[in-house]
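Novice: Mind having a look at this structure? Questions to follow.
Derivation of every value follows stated rules applied to the coordinates shown; laboratory data play no part. Everything numeric here is computed off the predicted structure, so don't read it as measured data. Cβ sites come from the backbone with ideal geometry, for glycine too, and all protein chains shown count toward neighbours.
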Amino acid sequence: MSKVIITAAISGAEVTQEMNPAVPYTVEEYVREAKSAADAGAAIIHLHARWDDGTPTQDRDRFKVLIDAIREACPTVIIQPSTGGATGMTSEERLQPTELNPEMASLDCGTMNFGGDEIFVNTENMIIEFASRMKERGIKPELECFDKSHIDMAMRLVRRGYIEEPLHFNIVLGVNGGAAATPRDLLFMRHSLPPEATFTVSAVGRHQLPLNVMAMVMGGHPRTGLEDNLQYTRGVNANNGELVARLVRIARELGLEIATPEEAREILKMPPLK
Ligand code: KMH
Ligand code: ZN
């Protein structure tokens, strides 16, 4: 049986310390949250950068400082910078972490509403530009699909040669503007993927845990972390380590084993860490 790869989305761009003081802003806070997640069993850290005051940034040098510090504390974990950043950022801003040649990065596969007046812009040409950059640099894209049409877009770009197999998707559910965080929509999206693709499931707020569990039962992988959900139970703040530890316990109760970062690289057909 294939092992479960836990991704921890430790920081995000939309959540703040006012909402939950465990959201990391400073380098020390990033290291604390990344290490607690990796020590608990996360194989992948999905990373959004912030300045010390909490402002989201895609600044290449800030990413370098954060990645170097996390790498020192977590020598083997897969660090997956976001190229989504925050709504309103330009492509040039968002692409900066790819200049650091990370082994993996998120690749968002469609434009969508993102709550209120926010629009998360990912035109076809932008996706082609981001995918081509990742292909050139040997960066494994994590194909973030917030709706069924994003999967169709990704597959169109696979057929045109911009995205190469083996494919790894992240089905993101429950964003205000994307597919709903329901078992029905998860099943629909999962069955819209090529059968041989690997997939992770992310869901927002109180839907995170049940849909993470569904993902594991369906042969997929869960993404937890404060980017998607701030609370352990209703009204009780979480930190990243606790969220990962809970998934590890549940996975083991389900008879599943947890992939180490090295095993995750094998499952995702990525080269070993240099
Ligand atoms: N912050 C969202 C607008 C990604 O990391 O690639 C986009 C996002 C996706 O979080
Ligand atoms: Zn993200």
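Novice: Treating cross-link reach as a plain straight distance, find the aspartates and glutamates whose alpha-carbon is under 13 Å from the alpha-carbon of Lys64, omitting any fewer than eight places away in the same chain.
Specialist: Straight-distance partners of Lys64: Glu72, Glu99.
Novice: Continuing with this model, one more query. Hey, rough spin-label estimate for Ser192 and Asp152, points 7 angstrom out along Cα→Cβ, what's it come to in nanometres?
Specialist: Calculated label separation equals 0.8 nm.
Novice: Further question: Would you mind checking Lys3/Lys35; Lys35/Lys135; Lys3/Lys269 for any pair whose Cα atoms are more than 19 angstrom apart?
Specialist: Lys3/Lys35; Lys35/Lys135, as the Cα separations exceed 19 Å there.
Novice: Turning to a different aspect of this structure: In whole Å, what is the distance between the alpha-carbon centres of region 141-177 and region 79-97?
Specialist: What the calculation gives is 17 Å, centre to centre.
Novice: Still on this structure: Anyone know which of Ser106, Ser149, Ser36 comes out most mobile in the 10 Å Cα GNM of the chain?
Specialist: Ranking Ser106, Ser149, Ser36 by mean-square fluctuation puts Ser149 first.
Novice: Using the 10 angstrom Cβ neighbour count as an exposure proxy, how do Cys109, Cys145, Cys74 rank, fewest first?
Specialist: Arranged by neighbour count, lowest to highest, Cys109, Cys145, Cys74 become Cys74, Cys145, Cys109.
Novice: Then there's this: I need Asp108, Asp185, Asp152 ordered by Cβ neighbour count within 10 Å, fewest first.
Specialist: Asp152, Asp185, Asp108
Novice: Want the number for Glu118 to Lys269: 0.36 nm per residue separation, take away the alpha-carbon distance, what's left?
Specialist: 50.8 nm
Novice: Could you check which residue among Gly88, Gly54, Gly116 shows the biggest mean-square fluctuation in a GNM of the chain with a 10 Å Cα cutoff?
Specialist: Comparing Gly88, Gly54, Gly116 in a Gaussian network model of the chain, the most mobile one is Gly116.
Novice: Can you compute the modelled spin-label distance between Val236 and Gln17, with each label point 7 Å from Cα toward Cβ, in nm?
Specialist: Result for the modelled spin labels: 2.5 nm.
Novice: In the chain, with Lys and Arg counted as +1 and Asp and Glu as -1 at Cβ, which of these residues, Thr98, Met153, Met126, has the Cα nearest the positive end of the dipole, that is, farthest along it?
Specialist: Towards the positive end, the residue furthest out is Met153.
Novice: Listing Leu47, Leu209 from the residue with the fewest other Cβ atoms within 10 Å to the one with the most, what is the order?
Specialist: Leu209, Leu47
Novice: Could you tell me what fraction of 2.2 N^0.38 Å the Cα radius of gyration of region 7-267 comes to, as a two-decimal ratio?
Specialist: So the Cα radius of gyration is 0.91 times the expected 2.2 N^0.38 Å.
Novice: List the chymotrypsin sites (Phe, Trp or Tyr not before Pro) in region 9-84 that DSSP assigns to loop (not H, G, I, E or B) and whose Cβ has at most 15 other Cβ atoms within 10 Å. Which are they?
Specialist: Counting only loop positions with at most 15 other Cβ atoms within 10 Å, the chymotrypsin sites (Phe, Trp or Tyr not before Pro) in region 9-84 are Trp51.
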